[in-house]
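This report refers to the structure that appears directly beneath it.
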Amino acid sequence: MSSTAGIVGAGVLGRMMAVELNARGWAVSLYDRDTEKGEDSCSWTGAGMIAPYCELEAAEQIVTELGVYSKDKWPGWLERLAEPVFYKSLGSLVVAHPNDRDELLRLRRRVLENAPRPDIMEDVGIDRIRELEPELAERFRSGLYFPFEEHLDNRDLMRALGETIRRKDIEWNCGTEVTAVESNAVVIGDTRHTFDWVLDCRGLGAQPDLPHLRGVRGELLYLHAPEVNLSRPVRLMHPRYSIYIVPRAGHVYVVGATAIESDNRGPITVRSALELLSAAYTVHTGFAEATLIESSVNCRPGFPDNLPRILPDQGLIRINGLYRHGFLIAPALVDIVCEFIDEGSTHPLAEGIMDAWQL
Amino acid sequence: MGSALYPSPDVMRDAIEAAGAELVTVALRRQSPQQASGSRFWELIRELNVRVLPNTAGCRTVKEAVATAQMARELFETNWIKLEVIGDDYTLQPDTAALVEAADILIKEGFEVLPYTTEDLITAQKLIDAGCRVVMPWGSYIGSGRGLVNKFALQTLRARLPDATLIVDAGLGKPSEAAHAMELGFDAVLVNSAIALSADPPTMAEAFANAVEAGRAGYEAGLMSPRDMASPSTPTLGTPFWHAGT
């Protein structure tokens, strides 16, 4: 008889867990209070950058390791899905205005200190910028290029994962408010659904069970900018208003993101919108004629060290604290968890995120 | 110490503990204080057993600053407030006229106001006249790490305001600059970026703490006056009458 899994939370992680365990022959039930589209999920709001090396600026080494591992897994993942996903492997470009050159140098120094290999970052001058992003060459004369980074459309991915789940033999319970997540059981109202393993992928929804978890508010904007032609994520370094601009299909750009220590999920503030838009405009004046098609706000789930955690218990495994790194590290977390519950073995990358935390 | 820009709350905690800081500033303007939705982060700071000093960072007018201070008093149950009224967005230079006005209002409402100001003596004097017991002049622009740009004016502040508590707030980039401020007779320094953005914040925090101790001890011991020429500690027996040669 096949093993059974109850997965609670259908963000990117919950969905990928469902697909992977199903492929491994498990009987999977997926629960979420959200719709199939998943607009309430953090995964809906993310920008979908797969940028482990840029993240060396602020993130711990372990996040980079998980990210580098995951990076190689994404193409295989996308092939498995029922629908195509916008995914580009073009690297990312980091720039700063002349006044803020120190910010660029700080990033450069930090990355060099922690770089696993020297070729992950390239100093670029005006000629190389013109090659990479012709429309930025007039404005920026120096920058940093990270050739081995990718970006994907997170909403495409959510939809494609959803479609894949629906075509498989996976029981998907949308719009279902889970009362409690327990060892071997998902409780809904008075009913206990029992499983060999319960996977808690609720993100901030797990806060009652994980009191150290906090929300870090992120706001971003969707712009439709026919006059702007950027092919890869561009980060602007600034002492206060650092932003990224991530291209989507059809001249749509995601501009983000704020990071505010707050679990408020209310609409974007004017101040944040002004900061994001002003910064985007200084990168490319073509954004002046763009239309603002959407603002998106959610709170990243973070533990006090901003590192992800896999917390195994009897018949229950909680995966949380993906913070701003959901798309960056999800494939690695899926492999670590599946090797643990399906094969009973400890993945080499589990060290530091699976053991360090004691409930 | 300031509580912004750290890689994570855990690193912030380690840094604050390593420094032995007694006052930790918290900005609340952007955290939707109306709904107390930054509360998890604030709890983390409260758990450190330090005195929380809410600040009005990001406020641009007297009205905003006063409203933010009032909210902070309710949320943090303290009447202490670090008062910032920003006049220029890029440099974050304080609007000193609005600062004095806001300080006056808040002191009348019973606040203990710690104003972030420039090195200007007259502004400092007006803040004291309004009832501030602490004045916090900048060393240089916030986050610039340029140290004490106008050392001479800071020295004047110390000499002319002997009874005020003076804290250098903003601009310190290196531990030696903190020592320098303390040698000038300042009572404390407020540091954030220099620690939070370093590669190893707890170690940098400790370095700043040591520098503060050293600078203060130097001030208390009495610094020697600089001389214009070399003055050997031992008589230069081998070169008699060397003055004659010059």
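The values are calculated or read from the model by the stated rules, or taken from the named source; none is laboratory data. Please read all numbers here as calculations on a predicted model, not as lab measurements. Cβ atoms come from the backbone with ideal geometry, glycine included; neighbour counts cover every protein chain shown.
Quick notes
- Scanning the stretch B:58-89 for residues that are in contact with a Pro (Cβ under 7 Å, 6 or more places away or on another chain) and in a helix (DSSP H, G or I), we see that the one that is farthest from B:Val24 (Cα to Cα) is B:Met71.
- Residue in the stretch B:108-121 that is surrounded by fewer than 16 Cβ atoms within 10 Å (Cβ to Cβ), without any contact (Cβ under 8 Å) to a residue 24 or more places away in the chain and among the small types (Gly, Ala, Ser) present: no
- Residue within the stretch A:331-349 that is closer than 26 Å to B:Met12 by Cβ, away from chain B (no Cβ under 12 Å) and under 18 Å from the mean Cα position of the chain (by Cα) present: yes
- Subset tally (residues that are within 13 Å of chain B (Cβ to nearest Cβ) and either within 18 Å of A:Asn264 (Cα to Cα) or under 21 Å from the mean Cα position of the chain (by Cα) (or both)) for the stretch A:274-297: 1
- Put simply, of A:Leu333, A:Leu311 the only residue that is out of contact with any His (no Cβ under 8 Å at 6 or more places or on another chain), at negative phi, touching a residue at least 12 places away in the same chain (Cβ under 8 Å) and surrounded by 23 or more Cβ atoms within 10 Å (Cβ to Cβ) is A:Leu333.
- Where A:Met1 falls short, out of the listed (1) among the aliphatic types (A, V, I, L, M); (2) at pLDDT below 95; (3) closer than 30 Å to A:Glu294 by Cβ: (3)
- Taken over the stretch A:133-172, residues that are within 30 Å of A:Lys73 (Cα to Cα) and either surrounded by fewer than 19 Cβ atoms within 10 Å (Cβ to Cβ) or among the charged types (D, E, K, R) (or both) amount to 15.
- Segments classed as strands (runs of 3 or more DSSP E), wholly inside the stretch B:132-202, with at least 2 members that are buried (at least 19 other Cβ atoms within 10 Å of the Cβ), away from chain A (no Cβ under 14 Å) and among the β-branched types (Val, Ile, Thr): B:134-137, B:165-169
- Of all residues in the stretch A:83-99 being among the β-branched types (Val, Ile, Thr) and not in a loop (DSSP other than H, G, I, E, B), the one that is surrounded by the most Cβ atoms within 10 Å (Cβ to Cβ): A:Val94
- For the stretch A:26-67, the set of residues classified as aliphatic (A, V, I, L, M) and surrounded by fewer than 21 Cβ atoms within 10 Å (Cβ to Cβ) consists of A:Ala27, A:Ala58, A:Ile62, listed by residue number.
Yes/no per residue for (1) closer than 24 Å to A:Ser295 by Cβ; (2) under 19 Å from the mean Cα position of the chain (by Cα); (3) in a helix (DSSP H, G or I):
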site	(1), (2), (3)
A:Gly14	no, yes, yes
A:Val28	no, no, no
A:Arg33	yes, no, no
A:Asp40	yes, yes, no
A:Thr64	no, yes, yes
A:Asp72	no, yes, yes
A:Arg101	no, no, yes
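- In the set (1) more than 14 Å from chain B (Cβ to nearest Cβ); (2) more than 22 Å from the chain's Cα centre (by Cα), A:Val270 fails one condition alone, (1).
- Number of residues in the stretch A:206-237 that are away from every other protein chain (no Cβ under 14 Å) and among the basic types (Lys, Arg) equals 2.
- Filter result (in contact (Cβ under 8 Å) with a residue 12 or more places away in the chain, away from chain B (no Cβ under 14 Å), part of a helix (DSSP H, G or I) and among the charged types (D, E, K, R)) within the stretch A:109-161: A:Asp119, A:Arg128, A:Glu135, A:Arg155, A:Asp156, A:Arg159
- Matching residues, the stretch B:1-44, being modelled with pLDDT of 85 or more and polar (S, T, N, Q): B:Ser3, B:Ser8, B:Thr25
- Candidates B:Val26, B:Val52: the one that is in a strand (DSSP E or B) and touching a residue at least 40 places away in the same chain (Cβ under 8 Å) is B:Val26.
- Residues within the stretch A:238-267 that are within 14 Å of chain B (Cβ to nearest Cβ), part of a strand (DSSP E or B) and among the β-branched types (Val, Ile, Thr), tallied: 1
A quick yes/no check of all residues on (1) over 28 Å from the mean Cα position of the chain (by Cα); (2) modelled with pLDDT of 95 or more:
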residue	(1), (2)
A:Pro98	yes, no
A:Leu104	no, no
A:Glu138	yes, no
A:Met158	no, yes
A:Thr164	no, yes
A:Trp172	no, yes
A:Val178	no, yes
A:Gly189	yes, no
